[in-house]
1. Checking the table Lys2/Lys337; Lys42/Lys183; Lys2/Lys42; Lys241/Lys337 against a 26 Å threshold on Cα-Cα, which pairs fail?
2. What is the percent of Cα-Cα separations in the stretch 1-116 that go past 25 Å?
3. What percent does the relative contact order of the chain come to when contacts are Cα pairs within less than 8 Å and at least six residues apart?
4. Each label point is 7 Å from the Cα along the Cα-to-Cβ direction; what then is the distance between the points at His341 and Leu20, in nm?
5. Using a Debye calculation, one point per C-alpha and no hydration shell, please list log10 I(q)/I(0) for the stretch 148-285 at q = 0.18, 0.21 Å⁻¹ in order.
6. Which percent of Cα pairs goes in each bin when the distances of the stretch 265-344 are cut into 10 angstrom slices starting at zero?
7. Calculate one ³J(HN,Hα) per residue across the stretch 155-161 by plugging θ = phi - 60° into the Karplus curve 6.51 cos²θ - 1.76 cosθ + 1.60, and present them in order as whole Hz with x for glycine and proline.
8. To the nearest 500 deg cm²/dmol, what mean residue ellipticity at 222 nm is calculated for the chain from DSSP H runs of n ≥ 4 alone, each contributing -39,500 (n - 2.57), summed and divided by the residues?
Amino acid sequence: MKAAILYGREQVVVEDIPELPLAAGEVRVRIEAALTCGTDLKVYRRGYHARMLTPPCVFGHELAGVISEVHPETAGWTVGDRVVAANSAPCGTCDWCRAGQEQLCSDLLFLNGAYAESIVIPRRVVQKNLCHVEPGTSFRSAAMTEPLACVVQGINDLRLVKGESVLVLGSGPIGLMAVALAKNAGCAVALAGRGGGRLSLGRRLGAEVTMDMAGREDIEAGVREIAPDTRFDVVFEAVGKPSAWEAATRLVRRGGRVNFFGGCPSGTTVQLDTTLIHYSGLTLLASFHHTPASIRRALALIESGVIRGDDFVDGEAPLSALPELFSEMAGGNRAVKTLIHPRR
């Protein structure tokens, strides 16, 4: 089968590799849709991921497809089932799993290899994070389940209340999903980001105010220029820069809540005003990854039409063009998400 192999920093090659045999508890999925992702772009730029993969290895983690083979000792699944698989599964037995914090599992099993014609789903993922997809749900929509589940986790952690004002910093796929979920929760949403197309999409997804940060390095100043008298109940940070983390604490109201959702580069630090945080009674939190429950909630939001693939997928490319596509993404391609066709 054809698959994209990550060999190192900005080194991806599409080549023929043998299909792995199935072990007990496993299934093989013929991939019908794979989506590009900001995490995959980071992996491409850095050439590795400390927790998810070590090159040379198969690449990509957002996928949906059809089961093409089931091991005889795998129960509950049939050839032809339409499915979506998460990119990990918790162990279920460590202290964090027993405490209901499965996203922090000490033995998360990661799954990569979405940029390929097929993928073997390990037993643990089959048991915990492989889900049936309804016949009327497109594969491009179902493939968004994993990133949406991370945002579901972040929104749940914030415990939004209907009527609250929410500021989303960042107009990438994660920020845009946060806009849609906050709006669905009955909140008044503002979006600060870059890119006319992305900000326009943010308005369609429910942002009542959009703020173009193009050419602005000072996020706080940019927001204050457009909304000078607003202090937000909640700030959802989806930029992943220390300056954005710091700005978030200054843009939230007294007693408000901030989710540092965007992961900053390893080794970076932030400077926070301790007086502001203490005397304003701020709640600061950071959300990471997803759980089996948030995976299922995300798929339900997709299948109910709250989140639609057609809103987020604004490009398509064959698997053979993946190396060139990631080179373009590293150079500033502004597509929200690109659908990869595995058999082209």
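Every read-out reported here was derived from the displayed coordinates using simple, explicitly stated rules and does not represent laboratory data. Source: prediction; values computed, not measured. Positions of Cβ are generated from backbone atoms using ideal geometry, with glycine treated the same way; all protein chains shown enter the neighbour counts.
1. Numbers: Lys2/Lys337 22 Å; Lys42/Lys183 29 Å; Lys2/Lys42 23 Å; Lys241/Lys337 21 Å.
As for pairs spanning more than 26 Å Cα to Cα, those are Lys42/Lys183.
2. Of all Cα-Cα distances in the stretch 1-116, 31 percent exceed 25 Å.
3. Computed value for the chain: 19 percent relative contact order.
4. About 2.8 nm separates the two model spin labels.
5. Result of the Debye calculation: -0.95, -1.34.
6. Histogram of Cα-Cα distances, whole percents per bin: 13, 23, 29, 25, 9, 2.
7. Once θ is set to phi - 60°, the couplings for the stretch 155-161 become 5, 4, 4, 6, 6, 4, 10 Hz.
8. Result for the chain, helices only: -8500 deg cm²/dmol.
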